[in-house]
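Report on one structure; see the data block that follows.
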Number of protein chains: 2
Amino acid sequence: MSHSDFLLVDDPSAQKTLFKKGTVLQNKGDVHLKAFYIKKGLVRSYTIDSKGKQHVFMFAPEEWIIGDIEAYQYEHPTELFIDCLEDTELIKLKMDHLDQDHLSHDQLKKNLRLLGRRVGLLQRRVLMLMSATAGERYALFLNDYPLLPNRIPQYMIASYLGITPEALSKIRGQKT
Amino acid sequence: MSHSDFLLVDDPSAQKTLFKKGTVLQNKGDVHLKAFYIKKGLVRSYTIDSKGKQHVFMFAPEEWIIGDIEAYQYEHPTELFIDCLEDTELIKLKMDHLDQDHLSHDQLKKNLRLLGRRVGLLQRRVLMLMSATAGERYALFLNDYPLLPNRIPQYMIASYLGITPEALSKIRGQKT
DNA sequence: TATACTTCTTAATTTAGATCAATGCACCCC
DNA sequence: GGGGTGCATTGATCTAAATTAAGAAGTATA
């Protein structure tokens with residue numbers, strides 16, 4: 001599940017930078033988006049719906065890439081906020097690093113594998129959201145990301161799972 | 001939203017075939033999976049959960065590609081059934097058509113764009129499943145796929161949206 | 001034409017999880 | 001050290017949608 005096979009971090013257009021916890025990397029409505037390759041730290045993306053409620057779309061720890069591929073592909077302003085949950089060192093990448101002309105055959109193939117894994121992850125998430133109860137969701141999360149729970153506040157995990165913090169708290173309580 | 005830019009249908013390894021409505025193209029547990037490019041007709045993929053309930057993962061009408069990229073990427077047997085909702089003419093593709101060595105630079109780039117769109121679609125679906133009410137889900141579906149509802153039984157649309165057929169029926173009733 | 005599926009609708013009941021509300025703990029900083 | 005502010009827990013209520021159950025309407029089969 002690691003993204004360490006992503007080599008484009010050597011891209012000359014890349015700029016490596018350090019951000020404090022809480023820094024907002026992307027706001028809803030932004031255009032000309034970047035993607036972020038996380039060297040160290042933890043970043044998340046989320047939306048705010050019409051009722052003002054936050055929904056975590058994904059977490060990106062070390063070696064992950066985060067960004068709004070949807071907005072890039074369909075060429076509209078992003079719906080996603082992205083911010084740092086920890087002090088984070090990351091590399092900003094141009095979104096078109098995926099399919100730029102100058103990329104080598106091997107780089108394109110690596111990117112295809114990367115995107116394929118992203119599709120796989122999202123497929124699992126969709127099926128989970130359609131069929132799993134709150135308890136099952138948390139179990140799947142623990143299974144998929146055994147190291148993350150210690151680093152993320154529970155209300156954000158709940159948001160990622162599509163349940164309320166209260167519901168998650170109850171599940172964890174009765175699970176002993 | 002069309003996939004007409006997918007040119008690999010000229011792949012010499014491709015075999016074009018005709019299937020009757022109801023034909024099962026893929027069973028849960030299958031390995032060595034194919035992908036299917038739909039020339040004419042309508043195909044769907046779905047899972048059956050632990051309680052025996054079906055969940056439609058996606059519909060593929062003309063010019064779409066369907067297959068289990070998740071199982072291919074992570075190299076395990078598929079969870080998805082795939083079957084024909086109409087008499088269907090399709091082209092079977094090897095799964096590694098995505099990143100095969102012999103592909104040209106342009107073909108790789110086309111495939112990247114294709115996968116990028118798939119990621120975008122799934123992102124929207126995830127956010128929808130996390131935040132939208134039953135009514136909102138149906139409205140989004142009508143908006144995204146204005147032509148499909150006439151071709152698909154309502155209980156399958158409900159399944160795709162993550163709601164029951166009864167709930168969808170009520171929504172449609174009071175929407176006049 | 002009759003018979004049997006399949007799909008859709010409608011209504012009564014139940015339930016998982018949301019919402020609302022109160023309390024308890026940690027950390028912060030000033 | 002005292003007073004916030006943010007987060008987790010617990011319990012009481014509420015609600016959207018699931019479940020259950022019946023029947024209606026359409027379509028295919030024989």
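In this structure, B:Val126 does not qualify as facing chain A (nearest Cβ under 9 Å), in contact with a Lys or Arg (Cβ under 7 Å, 6 or more places away or on another chain) and either within 16 Å of DNA strand D (Cβ to nearest atom) or among the hydroxyl-bearing types (Ser, Thr, Tyr) (or both). Can you find, within the stretch B:143-173, the residue that is farthest from B:Arg125 (Cα to Cα) among those that are within 13 Å of DNA strand D (Cβ to nearest atom) and aromatic (Phe, Trp, Tyr)? Ranking the qualifying residues of the stretch B:143-173, first place goes to B:Tyr155. Within the stretch A:78-111, the set of residues being within 30 Å of A:Gly52 (Cβ to Cβ) and in contact (Cβ under 8 Å) with a residue 60 or more places away in the chain comprises A:Asp83, A:Cys84, A:Leu85, A:Glu86, A:Asp87, A:Thr88, A:Leu90, A:Lys92, A:Met95.
Quick check: is even one residue across the stretch B:68-85 of a type in the set (D, E, K, R), in a helix (DSSP H, G or I) and either open to solvent by 10 Å² or more (accessible area, probe 1.4 Å) or modelled with pLDDT under 95 (or both)? Yes, that holds for at least one residue.
Within the option set A:Glu70, A:Glu86, A:Glu75, being of a type outside the set (S, T, N, Q), over 13 Å from the mean Cα position of the chain (by Cα) and under 27 Å from B:Met128 (Cα atoms) holds for one residue only, A:Glu75. For the stretch A:86-97, the set of residues classified as under 18 Å from A:Glu70 (Cα atoms) and open to solvent by 20 Å² or more (accessible area, probe 1.4 Å) consists of A:Lys92, A:Lys94, A:Asp96, listed by residue number. Looking across the stretch B:68-119, just one residue is farther than 29 Å from A:Gln107 by Cβ and within 8 Å of another protein chain (Cβ to nearest Cβ), and that is B:Glu79. Looking only at residues in the stretch A:138-176 that are over 17 Å from A:Val43 (Cα atoms) and among the small types (Gly, Ala, Ser), the one that is farthest from the chain's Cα centre (by Cα) is A:Gly173.
The values are calculated or read from the model by the stated rules, or taken from the named source; none is laboratory data. Computed from a predicted model, the values in this text were never measured in an experiment. Neighbour counts run over all protein chains shown; Cβ positions are idealised from the backbone, glycine included. All accessible areas refer to the heavy atoms of the entire protein, side chains included, with ligands and DNA or RNA removed. Shrake-Rupley method; radii C 1.70, N 1.55, O 1.52, S 1.80 Å.
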